[in-house]
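Please read through the structure below; I'll follow up with questions.
The values are calculated or read from the model by the stated rules, or taken from the named source; none is laboratory data. Predicted model, so just to flag it, every value in this text is computed and none were measured. Here the Cβ positions follow ideal geometry from the backbone for every residue, glycine too, while neighbour counts run over all protein chains shown. For accessibility, only protein heavy atoms count, side chains too; no ligands or nucleic acids. Shrake-Rupley method; radii C 1.70, N 1.55, O 1.52, S 1.80 Å.
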Amino acid sequence: MVEITHEEMTEIKRKVEEDFPADPALQQIHIARKVLARQAELSGLSFLEYIKSLRAKGQEASRESHP
């Protein structure tokens, strides 16, 4: 998984809090979506491709832990 910088995370949070000032739950959803979108971009994948790759990794890990 690709990690974003602390500065990117701070900027994402700032923008989302500006867009949804009175709704912390909606802020969390949008922060997660924007982080995943940025990680996908850094990986050179589309958002959907990145989500599918995370799902595949999760399924592999599950198979390894439950032989």
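Remind me, relative contact order of the chain in percent, using alpha carbon pairs under 8 angstrom and six or more residues apart?
31 percent
Next question, about the same structure. Report, ordered by chain and residue number, the lysines lying within cross-link reach of residue 15, taken as a straight Cα distance under 17 Å and ignoring same-chain residues fewer than 8 apart.
Output for residue 15: 34.
While we're here: With every protein chain present, what is the per residue accessible area of the range 7-67 (1.4 Å probe, Å²)?
Numbers: 4570 Å² over 61 residues.
Here the per-residue accessible area is 75 Å².
Tell me the carbon and sulfur percent of the accessible area for the chain, rounded to whole percent, probe radius 1.4 Å. Please report the intermediate quantities before stating the final value.
Working: 2970 of 5120 Å².
Its accessible area is 58 percent carbon and sulfur atoms.
While we're here: Determine the dipole magnitude for the chain: charges of +1 sit on the beta-carbon of Lys and Arg, -1 on that of Asp and Glu, nothing else is charged, the reference point is the Cα centre, and the result goes in debye to the nearest 20.
Values: 10 positive and 12 negative charges, 58 e Å.
Charge dipole of the chain: 280 debye, to the nearest 20.
So for the chain, taking the charge dipole from beta-carbon charges (+1 Lys/Arg, -1 Asp/Glu), which of 43, 5, 62 sits furthest toward the positive end?
Going by the Cα projections, it comes out as 62.
On to the next question. What list of whole percents do you get for P(r) of the chain, with Cα-Cα distances grouped in 5 Å bins up to the one holding the largest distance?
Result, from short to long distances: 3, 17, 20, 18, 17, 13, 8, 3, 1, 0 percent.
Any chance you could give the angle, 0 to 90 degrees and rounded to 10, that helix 47-65 forms with the longest Cα principal axis of the chain?
Helix 47-65 sits roughly 50 degrees off the main axis of the chain.
In the range 24-67, which residues have a backbone nitrogen under 11 Å from the label point lying 7 Å from residue 1's Cα in the Cα-to-Cβ direction?
It comes to 36, 54-55, 58, nothing else.
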